[in-house]
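K.L.:
What follows is a single structure, and I will ask about it in a moment.
The values are calculated or read from the model by the stated rules, or taken from the named source; none is laboratory data. Everything numeric here is computed off the predicted structure, so don't read it as measured data. Here the Cβ is made from the backbone with ideal geometry for all residues, glycine too, and neighbour counts use every protein chain on show. We work out accessible area using only protein heavy atoms, side chains counted, and drop any ligands, DNA or RNA first. Shrake-Rupley method; radii C 1.70, N 1.55, O 1.52, S 1.80 Å.
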Amino acid sequence: MTMPDYEVEAARYDESRGGQPRARAAATAIETLLPAGPVLDVAVGTGIVAAAMARPVIGVDLSSAMLGHASRRLPGRVARADARSLPVASDSVSAVTAIWLLHLMPDSEAVVREVARVLRRGGVFVCTVDKRAAHRLAEGNPALPGARDERSRVEALGARYGLAVSGEGSFVGYGQDYEPVFPLLALTKKQ
Ligand SMILES: C[S@@+](CC[C@H](N)C(=O)[O-])C[C@H]1O[C@@H](n2cnc3c(N)ncnc32)[C@H](O)[C@@H]1O
């Protein structure tokens, strides 16, 4: 899949991706998989999911336009950064999220490797997997193999960088066509 131009998408992103109902559903499901405490949200986008979480969130994203919205929701807590090169010390973060990112990344391995670097031992990474598959299943079509965020691929990448599967969840894409159920995967950095 070609990555949308989020500098353009930003203006209509929230309304076209389910708005607050989708964000609240995602935030609730993510929270059940995370340890207590703050979280680093990689690809925070407009901050609509991060702001729905009941904990401090620091967000990074590549798109200035998306960050323009996020900075209003999370004042002083967002920065422009690449998920593949985070401005964060190694072994320093207890929780990282990446919602609707890996399916966009031709090099999703670079994201998983970087998340593994910044997580402290016992820290948890929660990400979406199988996003396109969720849309296809909701439409009544079979999932297609080979997606960048295919669960088996993300699990294998996690294993390569010391992250073991520790949980799973899902959230309903309210406001999306056919309201897909988007899977979440939790990976914990080995002690
Ligand atoms: C589908 S949006 C998801 C936003 C948010 N997580 C959500 O669930 O609403 C994907 C986001 O990933 C960001 N992005 C794409 N590539 C990135 C990268 N290499 N590093 C950081 N953010 C990136 C885009 O700018 C966009 O904001």
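K.L.:
Identify the GluC sites (Glu not before Pro) of region 69-164 meeting these criteria: DSSP loop state and at most 15 other C-beta atoms within 10 Å of the C-beta.
P.N.:
Loop-located and lightly packed - Glu139.
K.L.:
Using a 1.4 Å probe and ignoring any ligands, DNA or RNA, find the accessible area of Met105 and quote it in Å² to the nearest 10.
P.N.:
Rounded to the nearest 10, the figure is 10 Å².
K.L.:
While we're here: Round to a whole number: what % of the accessible area of region 6-109 belongs to carbon and sulfur, probe 1.4 Å?
P.N.:
Solvent-exposed carbon and sulfur of region 6-109 make up 55 percent of the total.
K.L.:
I've got another one for you. At 37 °C and 0.692 mPa s, grab the translational diffusion coefficient of region 94-191 from Stokes-Einstein with a Kirkwood Rh over Cα pairs, rounded to a whole number in µm² per second.
P.N.:
242 µm²/s
K.L.:
Another one. Express in Å², to the nearest 10, the accessible area of Ile48 obtained by rolling a 1.4 Å probe over the protein heavy atoms while all chains stay in place.
P.N.:
Here the residue's solvent-accessible area equals roughly 10 Å².
K.L.:
Oh, and also: Extending each Cα 7 Å along its Cβ direction at Thr28 and Ala89, get the distance between those two points in nm, one decimal.
P.N.:
It is 3.7 nm.
K.L.:
Just the number, please: percent antiparallel of the DSSP beta bridges in region 6-189, rounded to the nearest 5.
P.N.:
Within region 6-189, antiparallel bridges account for around 50 percent of the total.
K.L.:
Now a separate question. Quick one: Debye curve from the alpha-carbon atoms of the chain only, equal weights, vacuum; give me log10 I(q)/I(0) at q = 0.11, 0.13, 0.19 Å⁻¹ to two decimals.
P.N.:
For the chain at q = 0.11, 0.13, 0.19 Å⁻¹, log10 I(q)/I(0) is -0.43, -0.61, -1.44.
K.L.:
Also, quick follow-up: If r is the Cβ-Cβ distance from Val8 to Ala156 and R0 is 41 Å, what FRET efficiency results, to the nearest 0.05?
P.N.:
Once rounded, the FRET efficiency stands at 0.75.
K.L.:
Right, another one. Could you order His135, His69 so the one with the most accessible surface comes first? Probe is 1.4 Å.
P.N.:
Ranked list, largest accessible area first: His69, His135.
K.L.:
Next question, about the same structure. Using a 1.4 Å probe, what is the accessible area per residue for region 1-159, in Å²?
P.N.:
That works out to 43 Å² for each residue.
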